[in-house]
Amino acid sequence: MNPAEQTTNMTRADFASYLRDHPTIFQQYPELLELVSLSDSRGTASLIERQISLLKERLKEQQSQQHQFIQVARENEQISDNFTHVICQMIGFTNLSEFATEFPNELRTKFEIDEVSFKTSQAASRRQSDSDSYEDAIRRLSNNRAVCDNRWPSNIMSLFFSKDINSAALVPMRTPDSKSPLAILALGSREPDRYTNDLGTAHLDRLGLMAGICFARLQPHGI
């Protein structure tokens, strides 16, 4: 069989196999690239044009991902800076009255939170309904971890908030040695998507620990 007949009898599978076995064929015959055309909904283009187009699309995707990474890094840096500021403020508190007033204000200002409050079991015990709601909240914080949700029961929402709050984070204020929270810090937002149950709570847990340590330090006789 002569070479012409071999070429004529070559199937598409044979041709594809040949290209896989000889990946440098277009380097040896670069002029062939201009003859290869691909068609789709955008029309027909040469292989080189299609490769350039694909490279541009990939570059755009990479630039978009890079922008997202940079944005997330900046947001995390801002959060870290805000936490540092709040912690420095807490270190300077000298009494519980100052803590009760300034700490929520700092959180509202630095993190643009619509409403911030905290309650102790003692404060909630003045009314039976409040005491029951507080115990309900404690049960939901059984792991001593912050919990975010936009579907809190109305009794818990009314215990901590007075405004129209659509999502909230409850944060146990604790010390490294405390088995149960010393108090519950509540962060409320009018935005239903701000505190959802899939939100990471590492920053909030850290805040609860620092707030709990400060709160315990300011107790008249310690806890």
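Quick note: the coordinates plus some simple rules give every number you see, no bench work behind them. If you're wondering where the values come from, they're calculated on a predicted model, not measured in any experiment. Cβ sites come from the backbone with ideal geometry, for glycine too, and all protein chains shown count toward neighbours.
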- [ ] Post the alpha-carbon centroid distance, the range 165-223 to the range 74-130, in whole angstrom.
- [x] 9 Å
Task: Where trypsin sites (Lys or Arg not before Pro) fall in DSSP loop in the range 150-220, at most 16 other Cβ within 10 Å - done: ARG151, LYS163, LYS179, ARG190
- [ ] Identify, among GLN122, SER97, ASN150, the residue whose Cα sits farthest towards the positive end of the charge dipole of the chain, taking +1 on the Cβ of Lys and Arg and -1 on the Cβ of Asp and Glu, with the dipole about the Cα centre.
- [x] GLN122
Open item on the list: Using a 7 Å offset from Cα along Cα-Cβ at VAL72, what residues in the range 194-217 end up with backbone N under 13 Å from the label point?
Closed with: 200
Open item on the list: On a straight-distance basis, which lysines could pair with LYS179 in a cross-link, Cα separation under 28 angstrom, same-chain partners fewer than 8 positions away excluded?
Closed with: LYS119
Open item on the list: Under the rule a/c < 1.5 gives rounded, and otherwise a/b versus b/c splits prolate from oblate, where does the chain land using the Cα gyration tensor?
Closed with: prolate
- [ ] Could you list ASP177, ASP136 in order of exposure, starting from the residue whose Cβ has the fewest other Cβ atoms within 10 Å?
- [x] ASP177, ASP136
- [ ] Return the ratio Rg/(2.2 N^0.38 Å) for the range 95-217, where Rg is computed over Cα atoms only.
- [x] 0.97
TODO: Divide by every residue of the chain the summed helix terms, -39500 (n - 2.57) for each DSSP H run of at least 4, and state the resulting mean residue ellipticity at 222 nm, rounded to the nearest 500 deg cm²/dmol.
DONE: -17500 deg cm²/dmol
Task: Neighbour-count ranking [beta-carbon atoms within 10 angstrom, fewest first] of VAL86, VAL171 - done: VAL86, VAL171
